[in-house]
Amino acid sequence: MCTTIPRSHGPHVQLKWHNLRRHRTEPGALRSNLEVGLATGAVMEADLRVTRDGHWVCLHDAMLDEETTGHGPVIEYDADQLRRLQTRTPAGAISGFAPLFLEDLAELIEERPATSAEVQLDLHVSEQEISDVALGRLARLVAPLQTSFSLSGTDAGALTRVRDTVPELPITLSSSERLGGARDAALFESRMRTELAQLDGLALIWVNHRVLQAAYRARFDLVGFAHQFGVGVDTGTIDFGAAGWRAALVLALQAKVDRITSNTPCEIAAQAERWTEGSQRTALAAS
């Protein structure tokens with residue numbers, strides 16, 4: 001149910017729900033989607049920013065204006081003020097729901113029966129923005145439930161600081177900015193080696209699908225190279241109906257990525273199933 005794309009050989013490709021979305025028109029961090037994902041064993045991403053009083057709120061942007069009914073920087077609000085706001089859909093409509101907090105994620109995970117679901121906490125903060133209060137709160141909430149959480153972000157220092165506090169958290173390093181701009185296989189390999197050396201025990205790297213396409217044009221097997229080091233690859237954000245989505249999805253599957261990040265995981269799963277059924281019918285007709 002919107003959680004994987006089957007492969008004929010090897011593990012299925014996981015579909016990661018970007019910002020807890022199942023459909024592109026939804027507001028981010030919907031509690032109802034979290035409940036469904038926990039019940040179905042989905043991999044979900046929850047964006048996190050720090051409030052003025054050291055809480056973690058599920059918001060993507062540094063500014064409140066597009067995602068919520070608030071205005072100005074997230075960091076200038078405390079948790080109680082943010083709980084009185086409402087989130088917005090991508091089209092700007094008011095959702096009727098308050099933003100979720102890390103406390104809400106932990107509470108729902110604690111209440112559910114154990115499943116294979118994973119909530120990836122995507123840190124939208126730098127190492128310097130993580131106060132001791134915020135770090136302590138994250139550790140208290142996540143450590144008892146760490147088999148259900150993972151961690152991701154672009155700032156290796158921030159990821160290291162959190163993992164030093166909660167050592168068992170799997171980590172995904174967002175590497176697109178540092179890999180972007182490479183145009184030949186040698187440069188891709190050099191930059192990949194640097195990325196993979198940034199964090200010990202790295203679980204995955206995340207690359208924008210355009211970076212994956214650039215590596216393909218440069219004849220560099222980015223996924224295969226990462227796999228040599230025991231590191232998986234997550235690519236995205238691939239959304240059904242967006243410009244170039246079909247080519248991006250086909251390449252991701254051909255490259256044998258481990259995860260695909262999407263705001264439309266249900267539509268992507270359905271499309272992949274249609275392709276599989278079509279290829280099976282073609283094979284039967286030829287036999």
Of the criteria (1) free of Cβ contacts under 8 Å to residues at least 12 places away in the same chain; (2) touching a helix residue (DSSP H, G or I) at 6+ places or on another chain (Cβ under 6 Å), which one Gln228 fails:
(2)
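Restrict the check to region 47-56 and report whether at least one residue is assigned to a loop (DSSP other than H, G, I, E, B), of a type in the set (Val, Ile, Thr) and farther than 24 Å from Arg259 by Cα. So that I can check it myself, show each step before the final result.
As a first pass, look at region 47-56 and keep what is assigned to a loop (DSSP other than H, G, I, E, B): 51-55.
Within this subset, residues satisfying the condition of being of a type in the set (Val, Ile, Thr) are 51.
Pick out the ones that are also farther than 24 Å from Arg259 by Cα and you get 51.
Among the residues of region 47-56, at least one is assigned to a loop (DSSP other than H, G, I, E, B), of a type in the set (Val, Ile, Thr) and farther than 24 Å from Arg259 by Cα, which makes the answer yes.
This table checks each residue for (1) at pLDDT below 95; (2) more than 23 Å from Asp239 (Cβ to Cβ); (3) of a type in the set (A, V, I, L, M, F, W, C).
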{"position": "Arg7", "(1), (2), (3)": "yes, no, no"}
{"position": "His12", "(1), (2), (3)": "yes, no, no"}
{"position": "Gly37", "(1), (2), (3)": "no, no, no"}
{"position": "Thr51", "(1), (2), (3)": "no, yes, no"}
{"position": "Leu59", "(1), (2), (3)": "no, no, yes"}
{"position": "Asp65", "(1), (2), (3)": "no, no, no"}
{"position": "Asp78", "(1), (2), (3)": "no, yes, no"}
{"position": "Leu85", "(1), (2), (3)": "no, yes, yes"}
{"position": "Arg88", "(1), (2), (3)": "no, no, no"}
Within region 46-80, the residues that are under 27 Å from Glu118 (Cα atoms) and among the aromatic types (Phe, Trp, Tyr) are Trp56
Which one of the conditions (1) among the polar types (S, T, N, Q); (2) surrounded by 14 or more Cβ atoms within 10 Å (Cβ to Cβ); (3) in contact with a Gly (Cβ under 7 Å, 6 or more places away or on another chain) does Ser148 fail to meet, given that it meets all the rest?
(3)
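Among the listed residues Asp234, Asp221, which satisfies the condition of being at pLDDT 95 or above, surrounded by 12 or more Cβ atoms within 10 Å (Cβ to Cβ), of a type in the set (D, E, K, R) and closer than 29 Å to Val119 by Cβ? Don't jump to the end; show me each part of the working.
Details: Asp221 fails: closer than 29 Å to Val119 by Cβ.
None of the other options fit; the residue is Asp234.
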Report, ordered by the first and then the second residue, all pairs with beta carbons closer than 8 Å, sequence separation of six or more or different chains, a first member in region 69-89 that is over 21 Å from Ile130 (Cβ atoms), and a second member that is assigned to a loop (DSSP other than H, G, I, E, B) and among the aromatic types (Phe, Trp, Tyr).
Gly70/Tyr77; Gln86/Phe97; Thr87/Phe97
From the options Thr160, Thr147, residue that is in contact (Cβ under 8 Å) with a residue 12 or more places away in the chain, closer than 30 Å to Ala214 by Cβ and either touching a helix residue (DSSP H, G or I) at 6+ places or on another chain (Cβ under 7 Å) or among the polar types (S, T, N, Q) (or both):
Thr160
Pick out the one residue from Leu105, Leu135 that is out of contact with any Cys (no Cβ under 7 Å at 6 or more places or on another chain) and either within 21 Å of Met44 (Cα to Cα) or not in a helix (DSSP H, G or I) (or both).
Leu105
Region 17-35 - residue that is among the aliphatic types (A, V, I, L, M) and assigned to a helix (DSSP H, G or I) and, of those, nearest to Glu45 (Cα to Cα):
Leu20
Name every residue in region 256-272 that is small (Gly, Ala, Ser) and either within 25 Å of Asp47 (Cα to Cα) or in contact with a Phe, Trp or Tyr (Cβ under 7 Å, 6 or more places away or on another chain) (or both), in order of residue number.
Ser262, Ala269
May I ask you to say which residue of Arg274, Arg210 is at pLDDT 95 or above, under 23 Å from Arg24 (Cβ atoms) and loosely packed, with under 14 Cβ neighbours inside 10 Å?
Arg210
Unique residue being loosely packed, with under 15 Cβ neighbours inside 10 Å and within 19 Å of the chain's Cα centre (by Cα) when the list is Thr3, Thr40:
Thr40
Residue that is surrounded by the fewest Cβ atoms within 10 Å (Cβ to Cβ), among those in region 15-37 that are more than 19 Å from Glu66 (Cα to Cα) and among the hydrophobic types (A, V, I, L, M, F, W, C)
Val36
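Tally the residues that are in a helix (DSSP H, G or I) and in contact (Cβ under 8 Å) with a residue 24 or more places away in the chain, restricting the search to region 121-131.
Filtering region 121-131 for residues in a helix (DSSP H, G or I) gives 127-129.
Next, from what is left, pick out any that are in contact (Cβ under 8 Å) with a residue 24 or more places away in the chain: 127, 129.
Residues that pass the stated criteria total 2.
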Give just the number: which of (1) in a loop (DSSP other than H, G, I, E, B); (2) touching a helix residue (DSSP H, G or I) at 6+ places or on another chain (Cβ under 6 Å); (3) basic (Lys, Arg) does Arg7 not satisfy?
(2)
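The values are calculated or read from the model by the stated rules, or taken from the named source; none is laboratory data. Bear in mind the structure is a predicted one, so any value in this text is a computation, not a measurement. Positions of Cβ are generated from backbone atoms using ideal geometry, with glycine treated the same way; all protein chains shown enter the neighbour counts.
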